[in-house]
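Notes to accompany the following structure.
The values are calculated or read from the model by the stated rules, or taken from the named source; none is laboratory data. All values derive from a computational prediction rather than experimental measurement. Here the Cβ positions follow ideal geometry from the backbone for every residue, glycine too, while neighbour counts run over all protein chains shown. Ligands, DNA and RNA are excluded from the accessible area calculation, which covers all protein heavy atoms including side chains. Shrake-Rupley method; radii C 1.70, N 1.55, O 1.52, S 1.80 Å.
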Amino acid sequence: MQLEPLIERFQQKDEKAFEALYTMYSKNIHGVIYNIVRDQDIAEEIMQDVFIKAWHKAESYAPEKGRFFTWLLNIARNAAIDKTRSKSFKNKKQNLDAQFFVDILEHGDNLDTKTDAIGIGKFVNKLAKKCIEVIELLYFKGYTQKEASETLDMPIGTIKTRNRNCINELRTIVLN
């Protein structure tokens, strides 16, 4: 089935369209969320919430502003970041088990494993190193622009400009 009619049916609250979109995108969305929260159960819960939120706000999606997957991905990313900033999440992570740290050490600098979950690793790796650093912090590690600025020891304006330019460059690579 074509994606556009499926999305239109989704916006008209067609449950079959919801199921089809959920089947198409749930694994990718879960992967993005997991890379931010690093907890399987929480990632699953947030993913469910993301699809429910998308269902309730389906009319706010506008195809002329971007792809449906990108719209859904932004909802997921924001929900995951909001969760990591919540008091309950921070309290839970104060007593992390050793597996959490082993996983970070094993995969901490390997962008390929993070981007494989959503299939854009090959595109991100074509960018300049300065772009990879910014995109990894902002989109795959869930940093705010201020946190990325502090981590990379750059002015926040530079982070914002670099982010915008790198995303545009990534868009060009993906579309070609």
Using θ = phi - 60° and Karplus 6.51 cos²θ - 1.76 cosθ + 1.60, couplings along the range 29-45 (whole Hz; Gly, Pro as x): 5, 4, x, 5, 4, 4, 5, 8, 8, 6, 8, 4, 5, 5, 4, 4, 4
Between the range 41-74 and the range 125-176, how many Å separate their Cα centres? 23 Å
Just by accessible area at a 1.4 angstrom probe, what is the order of 14, 41 from largest to smallest? 41, 14
If you stretched the chain out fully between residue 60 and residue 175, how much longer would it get, using 0.36 nm times the residue separation minus the C-alpha to C-alpha distance? 38.9 nm
Once the piece of chain linking residue 151 and residue 4 is laid out straight, how much longer is it, given 0.36 nm per residue of separation minus the C-alpha distance between them? 48.9 nm
Work through the residues other than residue 158 whose Cβ is under 13 Å from its Cβ and net out their charges, Lys, Arg +1 and Asp, Glu -1. +2
Residue 171 accessible area, nearest 10 Å², 1.4 Å probe? 130 Å²
Under the 7 Å Cα-to-Cβ spin-label approximation, residue 144 and residue 164 lie apart by a distance in nanometres of 2.0 nm
